[in-house]
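The values are calculated or read from the model by the stated rules, or taken from the named source; none is laboratory data. Bear in mind that the values here come from a model prediction, so they are computed numbers and not experimental data. Every residue, glycine as well, gets a Cβ built from its backbone with ideal geometry; the counts of neighbours run over all protein chains shown. What goes into the accessible areas is simple: the full protein's heavy atoms, side chains included, and nothing from ligands, DNA or RNA. Shrake-Rupley method; radii C 1.70, N 1.55, O 1.52, S 1.80 Å.
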Amino acid sequence: MGSYSSNLDDILEEDMHHWYTKFMRESPSGLITLFELKTMLDMNGMTEEANSYVDQVFFTFDMDGDGYLDFVEYIAAISLLLKGE
């Protein structure tokens, strides 16, 4: 799947700012749940296969297993989801 840092390096600075602003607006606590991630990505009505893929990405990047993504985990997951790798 590649390393955490290689995903982060691939995101342009302005994209990082966009996603950080969106993340903090949607989740001022600095943590998001799987449901919140799907809401932020506007993934309503997705196929079961797409739903399973997002679930897998979420749980892969939830490194501490607490059921939340912090911003670093979130941006790595976004990078993977947008690239589809």
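Residues being closer than 13 Å to Ile32 by Cα and loosely packed, with under 13 Cβ neighbours inside 10 Å: count how many of those fall in the stretch 60-71.
So the count comes out to 3.
Looking at (1) surrounded by 13 or more Cβ atoms within 10 Å (Cβ to Cβ); (2) within 24 Å of His18 (Cβ to Cβ), can you tell me which one Asn51 breaks?
Exception for Asn51: condition (2).
Does Gly30 meet the test of being open to solvent by less than 40 Å² (accessible area, probe 1.4 Å), in a loop (DSSP other than H, G, I, E, B) and either modelled with pLDDT under 85 or not β-branched (Val, Ile, Thr) (or both)?
yes
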